[in-house]
Amino acid sequence: MRKFRTSTQRERGAGTVLVLALGAVVMAMLLGLLLLAQAGVMASRAAAAADLAALAAADAARGLTSGEPCSVAAGVAGKHDAKLTSCTVAAGDVVEVGTELAHFFQWGAATGRARAGPPP
C-alpha cells in the first residue's frame with residue numbers, strides 16, 4: 001500500500017497572515033471610531049461653552065451682573081478652554097455668541113453658537 005503525502009508546506013503561515021491582516025483592519029476601524037467620537041465630544045464642549053457664555057453675557061446686558069457683556073462672555077468661554085469668536089448684543093438685551101475650541105490633533109476647530117436674552 002502506498003502512502004500519499006499531502007503537501008501542506010505551501011500553506012504554512014497563511015492563517016497567521018490572515019489573522020494579522022484582519023487585526024490591522026479592526027484596529028484601523030477602532031481608530032476611526034475613536035476619532036469620530038472625539039470630534040463629537042469637542043463639538044459638544046464648544047456648544048456648551050457657547051451656551052454658558054451667552055447666558056452670562058445676557059445677564060450682564062440686563063444688568064443682573066457687573067461687566068461688559070462681551071468681556072463677560074469671553075471670560076466664561078475661556079474658563080471652558082474655548083475662544084470667543086463673535087459677540088453681538090442686539091436690541092432687547094439679546095446676546096449672540098460664537099465659540100471655537102481647538103482640537104489637539106490640529107484637524108480643525110469645533111465651533112459653537114448660542115443666543116440668549118431675557119425671558120419672554
Quick calc, Ala91 & Ala48: beta-carbon distance into FRET formula, R0 25 Å, rounding 0.05, result 0.40
Per residue, accessible area of the chain with a 1.4 Å probe, heavy atoms of protein chains only, in Å², comes to 72 Å²
Relative to the compact-globule estimate 2.2 N^0.38 Å (N residues), the Cα gyration radius of region 69-113 stands at a ratio of 1.24
SASA check, Asp59, accessible area w/ 1.4 Å probe, all protein chains in place, rounded to nearest 10 Å², comes out at 60 Å²
Distribution output for region 11-79: share of Cα-Cα pairs per 10 Å bin in percent, first bin at 0, values 20, 23, 16, 14, 11, 9, 6, 2
In degrees, nearest 10, the alpha-carbon axis of helix 69-79 is tilted away from the dominant principal axis of the alpha carbons of the chain by 30 degrees
Under a 1.4 Å probe, counting only protein heavy atoms, Thr111 has an accessible area in Å², nearest 10, of 90 Å²
Rounded to the nearest 500, the 222 nm mean residue ellipticity computed for the chain from DSSP H runs (n ≥ 4, each -39500 (n - 2.57)) alone is -18000 deg cm²/dmol
In whole percent, the fraction of accessible protein surface over the chain that belongs to carbon or sulfur atoms, probe radius 1.4 Å, stands at 62 percent
Helix 14-62: inclination vs the chain longest Cα principal axis, degrees, rounded to 10, gives 0 degrees
For percent of Cα pairs over 21 Å apart, with candidates [x] 40; [y] 56; [z] 48, the value calculated from the shown model is option [y]
Accessible-area order for Val95, Val72, Val89, Val19, largest to smallest, probe 1.4 angstrom, reads Val19, Val89, Val72, Val95
SASA check, Met27, accessible area w/ 1.4 Å probe, all protein chains in place, rounded to nearest 10 Å², comes out at 130 Å²
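The values are calculated or read from the model by the stated rules, or taken from the named source; none is laboratory data. Just so it is clear, the structure is predicted and the values come from calculations on it, not from any experiment. Cβ coordinates were reconstructed from backbone atoms using ideal geometry, including for glycine residues, and neighbour counts include every protein chain displayed. Protein only, heavy atoms only, side chains kept; ligands, DNA and RNA dropped before computing areas. Shrake-Rupley method; radii C 1.70, N 1.55, O 1.52, S 1.80 Å.
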